[in-house]
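Below: the structure, in structure tokens.
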Amino acid sequence: MTVQTRRQFLAASAGLVIGVALPIRARAQSGAAAALGDGTLAEGSFAPNAFVRVAPDNTITVFCKHIEFGQGPYTGLATLVAEEMDADWSQMRVEAAPADDELYKNLAFGIQGTGGSTAMANSWMQMRQAGAAARAMLVAAAAERWGSDAATLTVSAGTVSDGSNSATFGELAEAAAAQDVPVEPAVKNPSEFTLIGTDRPKVDSRSKSDGTAMFTMDVYRDGMETVVVRRPRVIGATVASFDDAAALEVPGVTAVRQIPQGVAVYATSTAAALKGREALSVEWDYTDAETRSSEEIFAAFSEAARSPGLEAEKVGDSAGAIAAAETVHEAEFLFPFLAHAPLEPLDAVLELKDGKAEIWMGAQFPGADKGAVTQVLGLEPADVTMNVMLAGGSFGRRAQPTAHIGVEIASIAKAAGRDGAWKLVWTREDDLTGAYYRPITVHRMRGGIAADGSIVGWEDRVVNQSIMAGTPFDQGGADPTSFEGSTNMPYALPNLTVDWVKQELPVAPLWWRSVGHTHTAYATEVFLDELLEKAGKDPVQGRLDLLKDEAGRDRAVLERVAEMAGWDGTKVRGDRAYGVALHESFQSYVAQIVEISDAGGLPRVHKVWCAIDCGIAVNPNVIRAQIEGGIGYGLGTALYNELTLGEGGEVQQLNFDTYRMLRINEMPEVEVAIIDSDADPTGVGEPGTPPIAPAVANAWRALTGSSPRRLPFARAGV
Amino acid sequence: MATFTVNGKDVTLEVPDDTPLLWALRDDLRLTGTKFGCGIAQCGACTVMVDGMPRRSCVTPIGTLDGASVETIEGIEGPEVEAVQAAWVGIDVPQCGWCQSGQVMSAVGLLRMNPAPTDEDIDNAMAGNVCRCATYVRIRQAIHDAADMLEG
């Protein structure tokens, strides 16, 4: 926020006396404003804090500090505010909060950012208090106007009443602005909730069904050029030399410039930019590149798995217990690179004019990207504005501690060497070859079963890159995102060792929907299922028997899902087979049972039963949607997806013809149960994803005799 | 130079004939509801109607459209459109929303041909439209809901 901007803001809202910091006015072009209506601040509006604004037209606008890319924070955070204000749902509007790492920080991160399924969890009290403060000030204004005792007033559906007088929030807005801002506003007791806990329509469904929702790629500025960048097919390669003669012949291409990310083609249209890029001839320098193939990387990781790593968790003496066991079981699980492949590829728009820059971007860490632009262009922070746009999916891809898109769009502007506006568009080929993958991972597992069938020893050695290394979240030492889920299992295993062998590659890793749980859930839940089978135990009862005393929430979801699926221990019925998995991630507890058949050598998943405990269910509609989507996302990946490096390190999948997405005919029926809870809410964006792959693999073993040791099920060339 | 109509209006564009319709719609006509997802007709985010049938605009050169009628999400009309959009909103189909213009186009195309589709009909008509958020459970339900609305 700048002094100047704030003065402008105050000038535009004359008459208001506001005791707390306010956000800068969101631009009309912001995704939310376009999606949800005009966001200009009208005369007489009331803004008790950085999150809530009440306008004289009786609309309430919530500034959402979290980016909306389908996971539902616009609806969810507005619900919290509406609940505490006793507003009418139809008067709620949502806009993206501007970039401000202090005002809009994620309380779990310390900077503004979205990720780790934290949006609801960290906003839970903050947004309720924001709503409660607004309500208290509106009530105080009404009491003053009517000479009533504030404590006797009632509020319902956005109207304050004392029995004989009534006024809408809009009518009270200006007077409310003159009231004192409560420091610690009281929030409701959960028993008083009327909106929280019930299905609520999403605020963005209409604009996303009629084409009016505005995303980054939909931003056009006067004189704007579109820029595409030729990048290496081998990750980490750099430009040695290039010939742009043919590219510059393409009508519409205005310039070609080398930037740190590759060779940028500037054009008056996207079609011309793409044609110009095709016509470029580039020689690459492979000095710093990853030139090994995926097979060579897997071989190196498997070799690394033979030696102990950093201890992540240790209970008892696993080596001794396994050595003394009646039955020893071993497995090595291999997980490929994965791309996030959000359907809107990465993009950004930057306008530079008279030493000021404005950015439009689906930034998950907006402060980081804004900072990158500021730094690359040598501007003052006060002269850079970031508009956080709706984004067409992310799944972690837009959560960029390196701010590489901010750096890239700024490098494009810098290389242009003039004022102007540019839109950076990544194609699908850029997306799939652009690294920031879920890292290749190997799990080496050993287990021991005693003569009485009990699991006496468990070892899980995880080999992969650190995602956190070098980011602001790096705390040094063992990186929990590499093995989260392998540690802190809900099962009481008397002798257990989890260790981590860190690998370093020139291929940038990144958190991918559920991060470490993407592989730990598979390795642990398939291996456990195999141990239970060897011990002659039922997969559901065997798990229940193993659960720690304190794992009550795990127990509840597993019991619930077994009840939903009518689990009676039958693993195969006709041509159908059943499998189960249980996995907690991001403090949400999820159990799934699947029904599958064999469709020509690949599992066909017919039905998924899922039980989740995510604390208080703020909006069951959104929770179910996230579980449905999380299952589809995880299933398509488990069946089809691997990003492979071929001979010399060349990325082999360039588009959806070879990096295959799940399609509607492959989507199972999904039945979701949400456990009643009075615990604070936890995330739902990611926790639905981890259990699906192991549940399917366990069913597949029931049908065919083995669970895959390497994902995906349909491997390239298999 | 191709001349065609977009949402009922005559259009003649000063761009090369091999320009994909997708980029002509977005860059030249600023009809941004039609989305780019893959560029090779694998995802369906760019689906528009050409002479009443769903078509992937990312692989449709405008030079092939002389005399054609193009409808996009901004201009498409009719009872099937209203029913599909009402059904989409009614059960909150969209998550990120990027694919949904294309999904709506394909769903409208299906319902215009087949007012009472089975699950299998839906699979056949919609399998070319990827939803990376996997909203497929709700897409299927919403198409049934739209069919019910049209019947009622």
| query | Has segment A:657-668 got at least one residue that is farther than 16 Å from A:L338 by Cβ and either touching a strand residue (DSSP E or B) at 6+ places or on another chain (Cβ under 8 Å) or part of a strand (DSSP E or B) (or both)? | reply | yes
Worksheet item: Just wondering, is there one or more residues in segment A:84-103 that are part of a helix (DSSP H, G or I), over 25 Å from the mean Cα position of the chain (by Cα) and surrounded by 23 or more Cβ atoms within 10 Å (Cβ to Cβ)?
Response: yes
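Of all residues being charged (D, E, K, R) and away from chain B (no Cβ under 14 Å) in segment A:382-438, which is nearest to A:P260 (Cα to Cα)? Just the residue, please. Walk me through it before giving the result.
So in segment A:382-438, the residues charged (D, E, K, R) come out as A:383, A:397-398, A:408, A:414, A:418-419, A:423, A:428-431, A:438.
This time we only want the ones that are away from chain B (no Cβ under 14 Å), so: A:383, A:408, A:414, A:418-419, A:438.
Numbers: A:D383: 24, A:E408: 8, A:K414: 11, A:R418: 18, A:D419: 20, A:R438: 23 Å.
Of everything passing the filter in segment A:382-438, A:E408 is nearest to A:P260 (Cα to Cα).
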| request: Restrict the check to segment A:655-664 and report whether at least one residue is over 23 Å from the mean Cα position of the chain (by Cα) and not aromatic (F, W, Y). | output: yes
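Matching residues to (1) of a type in the set (V, I, T); (2) assigned to a helix (DSSP H, G or I); (3) under 18 Å from A:G579 (Cα atoms):
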| residue | (1), (2), (3) |
| --- | --- |
| A:P506 | no, no, no |
| A:W512 | no, no, no |
| A:T520 | yes, yes, yes |
| A:F527 | no, yes, yes |
| A:E530 | no, yes, yes |
| A:E533 | no, yes, yes |
| A:G536 | no, no, yes |
| A:L544 | no, yes, yes |
Condition set touching a Ser or Thr at 6+ places or on another chain (Cβ under 8 Å) and either of a type in the set (A, V, I, L, M, F, W, C) or assigned to a loop (DSSP other than H, G, I, E, B) (or both), scope segment B:62-73, selection farthest from the other protein chains (Cβ to nearest Cβ): answer is B:G67
Among strands (runs of 3 or more DSSP E) entirely inside segment A:269-382, those with 2 or more residues being over 30 Å from A:G110 (Cα atoms) and within 31 Å of the chain's Cα centre (by Cα) are A:327-335
The condition from (1) under 24 Å from A:E671 (Cα atoms); (2) in contact with a helix residue (DSSP H, G or I) (Cβ under 8 Å, 6 or more places away or on another chain); (3) facing chain A (nearest Cβ under 7 Å); (4) free of Cβ contacts under 8 Å to residues at least 24 places away in the same chain that B:D121 misses is numbered (3)
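Matching residues to (1) outside any strand (DSSP E or B); (2) touching a helix residue (DSSP H, G or I) at 6+ places or on another chain (Cβ under 6 Å); (3) within 12 Å of chain B (Cβ to nearest Cβ); (4) modelled with pLDDT under 95:
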{"position": "A:R604", "(1), (2), (3), (4)": "no, no, no, no"}
{"position": "A:A617", "(1), (2), (3), (4)": "yes, yes, no, no"}
{"position": "A:A625", "(1), (2), (3), (4)": "yes, no, yes, no"}
{"position": "A:E628", "(1), (2), (3), (4)": "yes, yes, yes, no"}
{"position": "A:Y633", "(1), (2), (3), (4)": "yes, no, yes, no"}
Restricting segment A:57-83 to residues that are in a strand (DSSP E or B) and touching a residue at least 40 places away in the same chain (Cβ under 8 Å), the one nearest to A:V384 (Cα to Cα) turns out to be A:F63
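For A:L639, indicate whether it is farther than 22 Å from A:Y578 by Cβ, more than 10 Å from chain B (Cβ to nearest Cβ) and under 23 Å from the mean Cα position of the chain (by Cα). Walk me through how you get there before you give the answer.
Numbers: farther than 22 Å from A:Y578 by Cβ: no; more than 10 Å from chain B (Cβ to nearest Cβ): yes; under 23 Å from the mean Cα position of the chain (by Cα): yes.
Against the criterion (farther than 22 Å from A:Y578 by Cβ, more than 10 Å from chain B (Cβ to nearest Cβ) and under 23 Å from the mean Cα position of the chain (by Cα)), A:L639 does not qualify.
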- Determine, yes or no, whether B:A83 is more than 13 Å from the chain's Cα centre (by Cα) and either at the interface with chain A (Cβ under 7 Å from one of its Cβ atoms) or surrounded by 21 or more Cβ atoms within 10 Å (Cβ to Cβ) (or both). yes
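The values are calculated or read from the model by the stated rules, or taken from the named source; none is laboratory data. Bear in mind the structure is a predicted one, so any value in this text is a computation, not a measurement. Ideal geometry is used to build each Cβ from the backbone, glycine not excepted, and the neighbour counts take in all protein chains shown.
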